[in-house]
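Worksheet for the structure shown next.
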Amino acid sequence: MSPVRDDVVVVGRRHDPEDHRLRDFLTRTAQPHRWVEAGSGEADALLADLPADVALPVVRCGGETVTGATVERLVEAWAMTAPPARDHYELAVIGAGPAGLAAAVYAASDGLSTVVLERDVPGGQASHTSLIENFFGFPGGIGGAEIARLAGRQAEGFGAELSFLRPVVGSRFAPGERTTLELEGGLAVTADIVIAAPGMLWRRLEVEGVEELLGRGVYYGAGRSEARHCGGDDVVVVGAGNSAGQAVMDLGNAGARVRMAVRGEGLGATMSQYLVDRIAEHPLIDVQLRTEVVAVHAADDGTLAAVTLRHRDGATEQVPARALFLCIGGTPRTGWASHHGVATDAAGYLLTGPDLLRDGRRPDGWPLDRDPLHLETLVPGLFAAGDVRSGSTKRVAGAVGDGAAAVALAHRRLAELHGA
Ligand SMILES: Cc1cc2nc3c(=O)[nH]c(=O)nc-3n(C[C@H](O)[C@H](O)[C@H](O)COP(=O)(O)OP(=O)(O)OC[C@H]3O[C@@H](n4cnc5c(N)ncnc54)[C@H](O)[C@@H]3O)c2cc1C
């Protein structure tokens, strides 16, 4: 990952979904930037040397200008990422969240040829949070995107390749043979060892009209890139976990009037106590327990205007909302597992190591004369790390620990493969 650029200015439209995607991308890659709303005097001055009908958004940085900027165009213009350089790696990692990035740092620093394949931007879920306050070694907290950028650069410094906006769309596993990973766009790489660290997929809110308003006032996740634009607005946050807690704090601190819709009886069971305490003290945050969003309403310009809340007693109320943030957790990204004979628990998380044993016996179909290693799945040489693993802690530190441990175990499998 390249170092951050100085003086990046973007002229765009706040409620355009593509512009939101670009803003979200810049925020979640920890690229500092100034957003200037199109149509303002400042925007006109910034665009004065360009044709009047220039395609928005426009990104300017030093002497460089990208017009009609999309994530893909900017990535290309700034040469931010590249396809894998080799056909074969000793170790391939699927997912550049904290688990995948940690695996890359440890694998590459151990001298393994390593590639990390990421469908989105590095950082995973952590890239959505403005401040991780409980990560070891950062007493003042650290932004999720910032830690991902640092980890990505560290991994690259040791020689790992980090290829993002590059989803793995298919795979072929055969015991004792190289694994093939198929990438979007027709590329493929092979690897001796694969660490699966694909994390979680946001759970969708099953309310009519939500999908049409995505990026136009409705956002999945903590809306890190949006908070600073919400000052003075009425906003609603759905959820009761730490991600929802951090979102309401960011929004309240930006001056938004925040309603937090919580289905359950309280926050204490699902949120860190320090966030519960800060939310209780915040004058702009109103926590509404036993409450759900049951409808969304658009303004004439197609952006979100209001939502309907339903309380446990059946009463409903329509409240103004310029933004709705959905922080309602996720499900593991393991739809592929059953096609490859990779076992999961009832909730879909990957089973590994001792969890695969039944009454102390090796699972059916296990081909080796040893038990599965601690983080190894039902496919020898395919390890699971981070949130996707059954029994993992769903914390950044836990994911990082899994990534590091998976690499240590990968060495044992490599030794088997190479007859050491
Ligand atoms: C808003 C928010 C705030 C949080 N705050 C905290 C906190 O304060 N403290 C804390 O400890 N934890 C926090 N967490 C939890 C923490 O972020 C997660 O536990 C951690 O990110 C899990 O890391 P992971 O690498 O296992 O998975 P993820 O972070 O989910 O990363 C998985 C990555 O894999 C990629 N991927 C998925 N499928 C593919 C594919 N087919 N091909 C290529 N790439 C793929 C995804 O795009 C993603 O980048 C927070 C989570 C959220 C959402």
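Find all pairs meeting these conditions: Cβ atoms under 8 angstrom apart; at least six residues apart or on different chains; first residue within the stretch 367-379 and open to solvent by less than 40 Å² (accessible area, probe 1.4 Å); second residue among the charged types (D, E, K, R).
P372/R362; L373/R412; L373/R413; L375/R389; L375/D402; E376/R413
Could you list, in sequence order, the residues of the stretch 173-199 that are modelled with pLDDT under 95 and over 25 Å from the mean Cα position of the chain (by Cα)?
Listed by number, the residues that qualify are F173, A174, P175, G176, E177, R178.
Restricting the first residue to the stretch 224-249 and requiring it to be more than 18 Å from G264 (Cβ to Cβ) and more than 11 Å from the ligand (Cβ to nearest atom), which pairs with a second residue that is of a type in the set (D, E) and not in a loop (DSSP other than H, G, I, E, B) meet a Cβ separation below 8 Å and a spacing of at least six or different chains?
S225/D24; A227/D250
Every residue, every condition in (1) in the same structural domain as R263 (by TED's automatic domain parsing); (2) under 24 Å from G95 (Cα atoms), yes or no:
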site	(1), (2)
E184	no, yes
A188	no, yes
P198	no, yes
G217	yes, no
G221	yes, yes
R224	yes, yes
G231	yes, no
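Suppose we keep only residues that are within 18 Å of V194 (Cβ to Cβ) and open to solvent by 20 Å² or more (accessible area, probe 1.4 Å) within the stretch 114-133. Which one would you say is nearest to the ligand (Cβ to nearest atom)?
Filtering first and then ranking leaves G124.
Since E416 meets every condition but one in (1) more than 20 Å from W336 (Cα to Cα); (2) open to solvent by 40 Å² or more (accessible area, probe 1.4 Å); (3) in a loop (DSSP other than H, G, I, E, B), which condition does it not meet?
(3)
Filter the stretch 218-227 down to residues that are open to solvent by 10 Å² or more (accessible area, probe 1.4 Å) and β-branched (V, I, T), then give me how many there are.
Selection size over the stretch 218-227: 0.
Checking A321 against (1) under 29 Å from V293 (Cα atoms); (2) in contact (Cβ under 8 Å) with a residue 40 or more places away in the chain; (3) away from the ligand (no atom under 15 Å from the Cβ); (4) assigned by TED's automatic domain parsing to the domain that holds I147, which test does it fail?
It is condition (4) that A321 fails.
Within the stretch 228-237, take every residue that is modelled with pLDDT of 85 or more and under 28 Å from A96 (Cβ atoms) and give me the one that is surrounded by the fewest Cβ atoms within 10 Å (Cβ to Cβ). Explain how you work it out, then say what you get.
First, pick out the residues of the stretch 228-237 that are modelled with pLDDT of 85 or more: 229-237.
Those still in the list that are under 28 Å from A96 (Cβ atoms) too: 229, 237.
On the way: H229: 19, V237: 33.
Among those residues, the one meeting the criterion is H229.
Got a sec? Which helices (runs of 4 or more DSSP H) wholly within the stretch 41-136 have at least 1 residues that are in contact with a strand residue (DSSP E or B) (Cβ under 8 Å, 6 or more places away or on another chain), closer than 30 Å to A244 by Cα and not hydrophobic (A, V, I, L, M, F, W, C)? Before you say what the answer is, go through the steps one by one.
Numbers: elements: 41-46, 71-77, 98-109.
Ranges flagged: 98-109.
Quick one: is G159 in the same structural domain as G403 (by TED's automatic domain parsing), surrounded by fewer than 16 Cβ atoms within 10 Å (Cβ to Cβ) and at pLDDT 95 or above? Working first, answer last.
On the way: in the same structural domain as G403 (by TED's automatic domain parsing): yes; surrounded by fewer than 16 Cβ atoms within 10 Å (Cβ to Cβ): yes; at pLDDT 95 or above: yes.
Spelling it out, G159 is indeed in the same structural domain as G403 (by TED's automatic domain parsing), surrounded by fewer than 16 Cβ atoms within 10 Å (Cβ to Cβ) and at pLDDT 95 or above.
Which numbered condition trips up D6, out of (1) open to solvent by less than 70 Å² (accessible area, probe 1.4 Å); (2) more than 21 Å from T303 (Cα to Cα)?
Of the numbered conditions (1) open to solvent by less than 70 Å² (accessible area, probe 1.4 Å); (2) more than 21 Å from T303 (Cα to Cα), the odd one out for D6 is (1).
Quick check on the stretch 399-413: of everything there that is within 15 Å of G353 (Cβ to Cβ) and not hydrophobic (A, V, I, L, M, F, W, C), which residue is surrounded by the most Cβ atoms within 10 Å (Cβ to Cβ)?
Selected residue: D402.
Of all residues in the stretch 352-397, which are modelled with pLDDT of 95 or more, within 16 Å of the ligand (Cβ to nearest atom) and of a type in the set (D, E, K, R)?
Hits for the stretch 352-397 are D387, R389.
Would you kindly identify the strands (runs of 3 or more DSSP E) lying entirely within the stretch 245-345 that contain at least 2 residues that are open to solvent by 30 Å² or more (accessible area, probe 1.4 Å) and at pLDDT 95 or above? Step through it out loud before you land on a result.
On the way: elements: 257-261, 285-288, 291-298, 304-311, 316-320, 323-326, 330-332.
Those strands (runs of 3 or more DSSP E) span 257-261, 285-288, 291-298, 304-311, 316-320.
Could you grab me the full set of residues in the stretch 296-320 that are in contact with a Lys or Arg (Cβ under 8 Å, 6 or more places away or on another chain) and under 30 Å from R13 (Cα atoms)?
Answer for the stretch 296-320, where residues must be in contact with a Lys or Arg (Cβ under 8 Å, 6 or more places away or on another chain) and under 30 Å from R13 (Cα atoms): A298, G302, T303, L304, A305, L309, V319.
Here's a check for you: in the stretch 166-204, which residue that is hydrophobic (A, V, I, L, M, F, W, C) and away from the ligand (no atom under 15 Å from the Cβ) is most open to solvent (accessible area, probe 1.4 Å)?
Of the stretch 166-204, the ones hydrophobic (A, V, I, L, M, F, W, C) are 168-169, 173-174, 181, 183, 187-189, 191, 193-197, 200-202.
Narrowing the set further to residues that are away from the ligand (no atom under 15 Å from the Cβ) leaves 174, 193.
Values: A174: 34, I193: 0 Å².
Ranking the candidates gives A174 first.
The values are calculated or read from the model by the stated rules, or taken from the named source; none is laboratory data. Since the structure is predicted, the reported quantities are computational estimates derived from the model, not experimental observations. Here the Cβ is made from the backbone with ideal geometry for all residues, glycine too, and neighbour counts use every protein chain on show. With ligands, DNA and RNA removed, areas are computed over all heavy atoms of the protein, side chains included. Shrake-Rupley method; radii C 1.70, N 1.55, O 1.52, S 1.80 Å.
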